[in-house]
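Down below is the structure, laid out as structure tokens.
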Ligand code: C2E
Ligand code: MG
Ligand code: MG
Ligand code: MG
């Protein structure tokens, strides 16, 4: 009796494993076609001058409009894209689309708007990364200084010397570099000092756990001091509460990003904001913010 239940249990387990594998393969197959099918989208989350504006720029965040599963966030498909190398064509699409959007905004007179694009490890280590960036910028005729690339601290530290070299070449072109999710990797301060980056982004995990006098708030305060000592701009990501907003501002954090201020939006939603703003009113002013 027990034996047969065990056997059933086993085959059930096996079947569900197969179902998982099939689903995985299906997703991979769909992802292979996603670029050609035009299913990828970029949403844009503003970064604000602390405490509440004006807008300093946007971060482009990838979404996949899947025909059956709806709008998928990067956590669902980016690991798969990384593992299979599909991130390379996808990353190219992201860079191009961000530059296209920038040129559209510039054409509408929004010439001070900037966009930051996230680069994955595999993408950052491609030998033709510079060419891809140059081509995207050239095709859309945007000033390189309007584009920032974000790499995480852990990607930056995988091979510090070549990171410095790559970021230097990007910086020489006029593109800016930002170190994302800072505090979660293991930066050598010596390398950090030599990194040709202009910005550090404090990881959301520290911001979330901050409260007066606790370890996380001490870490955040130290990162802000470190960034300033190195001449880097500092951005706090994941700002969700007014307390965090106030606290970070008091600590001298210059730029804030998070759901409290704005979620990632479609270009259409951003456009609607512009159209509904009164003359002289900030496009991104909400009840939670000061008018700028
Ligand atoms: P990230 O670059 O650190 O981006 C911040 C993530 O935090 C985004 O998630 C954003 O929607 C979310 N976020 C922003 N404010 C808040 C907040 O107040 N609270 C909380 N809980 N979350 C907030 P998203 O869009 O799901 O992206 C996740 C990660 O996927 C990104 O982390 C980035 O590493 C990666 N990613 C996104 N787009 C791209 C892309 O185009 N290329 C590559 N290679 N990676 C991307
Ligand atoms: Mg980022
Ligand atoms: Mg981040
Ligand atoms: Mg992150």
(request) Within 10 Å, count the other beta carbons around each residue, average over each peptide in 227-238, 50-61, and list them highest first. (result) 50-61, 227-238
(request) Name the most mobile residue of 91, 258, 138, meaning the one with the largest mean-square fluctuation, in a Gaussian network model of the chain with Cα contacts below 10 Å. (result) 138
(message) Once R0 is set to 45 Å, what does the formula 1/(1 + (r/R0)^6) return for the Cβ-Cβ distance between residue 171 and residue 67, expressed as a FRET efficiency to the nearest 0.05?
(response) 0.65
(request) Return the single residue from 112, 43, 276 with maximal mean-square fluctuation; model: Gaussian network over the chain, springs between Cα atoms under 10 Å. (result) 276
(request) Determine how many Å³ per residue the convex hull of the Cα atoms of the chain encloses. (result) 183
(request) Subtracting the Cα-Cα distance from 0.36 nm times the residue separation, let me have the gained length for residue 188 to residue 128 in nm, one decimal. (result) 18.9 nm
(request) May I ask for the angle, rounded to the nearest 10°, between helix 2-34 and the longest principal axis of the chain, with both axes built from Cα atoms and the value confined to 0 to 90°? (result) 40
(request) Would you calculate, for the chain, the mean residue ellipticity at 222 nm contributed by helices, counting each DSSP H stretch of 4 or more residues as -39,500 (n - 2.57) and dividing by all residues, to the nearest 500? (result) -15500 deg cm²/dmol
(request) Along Cα→Cβ, 7 Å out, is where each label goes; now give me the distance between the ones at residue 211 and residue 100 in nm to one decimal. (result) 4.7
(message) Going by average Cβ density within 10 Å per residue, which order do the peptides 123-134, 243-254 take, highest to lowest?
(response) 243-254, 123-134
(message) Helix 160-173 against the longest principal axis of the chain: what's the angle in degrees, Cα atoms only, rounded to the nearest 10?
(response) 50
(request) Over the chain, calculate the relative contact order: mean separation of alpha carbon pairs under 8 Å at least 6 apart, over the residue count, as a percent. (result) 18
(request) Using only Cα atoms, tell me the angle between helix 267-276 and the longest principal axis of the chain; keep it within 0 to 90° and round to the nearest 10. (result) 40
(request) Report, for the chain, the % of DSSP beta bridges that are antiparallel, rounded to 5. (result) 40
(request) Considering only 69, 158, 194, give the residue with the highest GNM mean-square fluctuation for the chain, with springs between Cα atoms whenever their separation is below 10 Å. (result) 69
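Bear in mind these aren't lab numbers, they're just calculated from the coordinates by the rules spelled out. Owing to the predicted nature of the structure, the values given are computational and were not obtained by experimental measurement. With ideal geometry, Cβ positions are generated from the backbone for all residues, glycine too; neighbour counts draw on all protein chains shown.
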